[in-house]
Each structure stands twice: as structure tokens, then as C-alpha cells.
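The values are calculated or read from the model by the stated rules, or taken from the named source; none is laboratory data. Values in this document were obtained by computation on a predicted structure and should not be read as measured data. Cβ atoms come from the backbone with ideal geometry, glycine included; neighbour counts cover every protein chain shown. Note: accessible area is taken over every heavy atom of the protein model, side chains too, but ligands, DNA and RNA are not part of it. Shrake-Rupley method; radii C 1.70, N 1.55, O 1.52, S 1.80 Å.
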Amino acid sequence: MRVLVVEDDAKIASFVVKGLKQEGYAVDHASDGDTGLALAGSTTYDAAVIDVMLPGLDGLSLVKRIRAGSPALPVLFLSARASVEDRVRGLQAGGDDYLTKPFAFAELSARLQALIRRASRAPEMTRLSAGDVTLDLVTRTVVVAGSTVELQPREFALLEYLLRHAGRPVTKTMILEHVWDYSFDPQTNIVDVVISRLRGKIDPDKTRIETLRGVGYVIKTTA
């Protein structure tokens, strides 16, 4: 999952970006509204975390303009303003949720996960599965054929992306854009490397994750 964070407070931005990366998200950060708008216009995101008060283009105006091109993008507003009127303005401007500062990262993460689930039209979904592979988004555990498997954050993020597209081919470019947080040379083999590590843990016989030559990968929906 790729997330855009637009926050001008360096301390808060570092706190949010670091936390999201540790949870396996790919994250792009902008410190002002204009840069955030440019990123939103050039990259496909699964969600955005946007501060209301930003230098240049403010957060409310930013979201209104983002909505013109990405009407379904889940947006979580951050703000030091906690009045009912401020929250209403944020929601009316196009925000899907509103979190006041200071906040616990665990709450931000939970709200963001809920927005992403809602956007994928699966509001009650806390688990992803294909065949005998199950990934729990709340406990961040993976079970394969009845046994729990320990994954590193990037392996977990890659498996999550594959499971969200279970039965459908995903290209290496799609994986790079949504699982990694910066651009790689198109010739990089980083996806192959992590796929290999993931297979070593959940698919040593190569019966669950199929390589589609010249295309990418697909995780099978039957064991």
C-alpha cells in the first residue's frame, strides 16, 4: 500500500512516515500543499494523510483539488484544531476522517487501515486470504496451511499486495509503486529477491505464487 503524507511539521512528519514504513507501507512525504498536489497528480496512492494547516496551498484546498482527479482516494486529515466546526469543515472539504493532534500512532494506523478497507468496498475485512494462505491485518500475522509464518515488514507488505489482487496478475512496476517507497531502476531485481524470500517462507514448492514470464506474478486463489 502506498501512502502520501503531507505535513509541514518535521517532527510529526518523521513520526508518521517512520511508523508507516515500519508497518510496511510505501510512503511519500511532502512538506507543503503545492508539493503534495504535484505528487498526487503524478503517482497513484492508496491513501493520504494530510495536515490541515500547510504552507502554500492549505490542506482543505489541497484535498478539494485532489478530489478532482482522484475522487475515491481515502484521506485522513490531521489538525491541531479540535472543534466540531473544524472537523465538519474538514469532512465537507472531502476528508474521510479527521484526527486531532496530539495523537497516538496506533490510532492513526487503525483509522488509515479502516479507510483503505472501506475504499476497497470491504469495510468488515480484517483478513486477506487465497487458498491456504491467510494474512491478518489487525494482528499482522500470516498463517499458511495452518502454521504461523514470521515475515519481515517488506515481505508482509508484498504478500498483502498480492493477496489484495488474488487471482489477478500484478506487474513488477505495480509492485514497486505500491510496496516500495521510492523509484527503482526498471532493471532492478529487488522484486525478484523479495519474492524469492517470501516463497522460501510460504511457498517453497512454488505452488502458491506463480511467475508469469514477461508479466509479473499472481497468487493463486486455490491451494
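R0 = 30 Å: FRET efficiency of residue 105 with residue 127, Cβ-based, nearest 0.05?
Numbers: r = 22 Å, r/R0 = 0.75.
With R0 = 30 Å, the Cβ-Cβ based efficiency is 0.85.
Please identify the longest segment of the chain free of exposed trypsin sites (Lys or Arg not before Pro), where exposed means a DSSP state other than H, G, I, E or B and no more than 13 other Cβ atoms within 10 Å.
Details: sites that count: 121, 140, 206, 213.
It works out to 1-120.
Order 205, 28, most accessible first, counting only protein heavy atoms with a 1.4 angstrom probe.
My answer, sorted largest first, is 205, 28.
What pairs from 64/172; 21/101; 64/220 go past 28 Å between their alpha carbons? Mind dumping the intermediate values first?
Details: 64/172 32 Å; 21/101 20 Å; 64/220 39 Å.
Beyond 28 Å: 64/172; 64/220.
So what's the range 136-223 giving for Cα Rg divided by 2.2 N^0.38 Å, two decimals? Please list the in-between numbers first.
Details: Rg = 12.5 Å, N = 88, 2.2 N^0.38 = 12.1 Å.
So the Cα radius of gyration is 1.04 times the expected 2.2 N^0.38 Å.
Ranked from the most accessible area to the least, with a 1.4 Å probe and all protein chains present, what is the order of 210, 150, 7, 23?
Working: 210 75, 150 145, 7 5, 23 40 Å².
My answer, sorted largest first, is 150, 210, 23, 7.
Across bins of 5 angstrom width beginning at 0, how are the C-alpha pair distances of the range 65-187 distributed, in whole percent?
Reading upward from the zero bin: 2, 9, 15, 17, 19, 15, 11, 7, 3, 1, 0.
For residue 213 and residue 85, what does the FRET efficiency come to when R0 = 45 Å and r is the distance between their Cβ atoms, rounded to the nearest 0.05? Display every interim value, and only then the final one.
Details: r = 57 Å, r/R0 = 1.27.
The computed FRET efficiency comes out at 0.20.
Hey, if you drop one equal point scatterer on each alpha-carbon of the range 1-128 and run the Debye formula without solvent, what base-10 log of I(q)/I(0) do you get at q = 0.11, 0.12, 0.23 Å⁻¹?
-0.32, -0.39, -1.61
Can you give the direction-averaged projected area of the convex hull of the alpha-carbon atoms in the chain, in nm²?
On the way: hull surface 49.4 nm².
It is 12.4 nm².
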